[in-house]
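Notes follow the structure.
The values are calculated or read from the model by the stated rules, or taken from the named source; none is laboratory data. Given the structure is predicted, the values throughout are model-derived calculations rather than measurements. Reconstructed Cβ throughout: ideal geometry from the backbone, glycine too, with neighbour counts over all protein chains shown.
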Amino acid sequence: MFSGFSIIFLFIFIAFLLATILFALSFLLVPRQRYLAKISAYECGFDPFEDTRAIFDVRFYLVAILFIIFDIEIAFLFPWATVLGHIGYLGFFTMAFFLFVLLIGFFYEWNSGALDWQ
């Protein structure tokens with residue numbers, strides 16, 4: 001009745017149709033009440049009722065960048081761990097060197113005080 005790809009296209013069509021219907025229903029049924037707390041600017045960790053042009057602390061961005069770096073490291077570790085038995089010693093020592101470089105960077109950031117939130 002259906003070929004292999006027609007089932008996928010049917011699934012995509014139903015998902016698109018359902019998303020469109022739910023979006024339209026939420027747009028039509030939700031009341032639109034505007035009040036000050038809802039339309040005010042909000043930044044994570046800061047009082048939303050201050051000036052919206054306030055300067056952010058650089059440490060906020062530094063912690064975010066460090067999080068992204070170590071998150072990418074974990075993304076490299078999962079595939080490496082799944083094929084560790086097949087790649088041999090060269091793959092193991094290559095990843096060990098990669099982790100060593102990241103560890104040196106982590107200790108540098110720690111000693112320079114980038115992780116201290118005062």
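Values as computed for the structure displayed
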{"read-out": "Looking only at the stretch 67-101, and only at residues there that are within 24 Å of residue 115 (Cβ to Cβ) and β-branched (Val, Ile, Thr), the one that is surrounded by the most Cβ atoms within 10 Å (Cβ to Cβ)", "value": "69"}
{"read-out": "Selection status of residue 34, exposed (fewer than 10 other Cβ atoms within 10 Å of the Cβ) and at pLDDT below 80", "value": "yes"}
{"read-out": "Residue pairs meeting the criteria (Cβ under 7 Å; at least 6 apart or on separate chains; first within 16 Å of residue 72 (Cα to Cα) and at pLDDT 90 or above, in the stretch 90-101; second of a type outside the set (Phe, Trp, Tyr) and part of a helix (DSSP H, G or I))", "value": "none"}
{"read-out": "Within the stretch 106-118, considering residues that are surrounded by 13 or more Cβ atoms within 10 Å (Cβ to Cβ) and of a type outside the set (A, V, I, L, M), the one modelled with the highest pLDDT", "value": "106"}
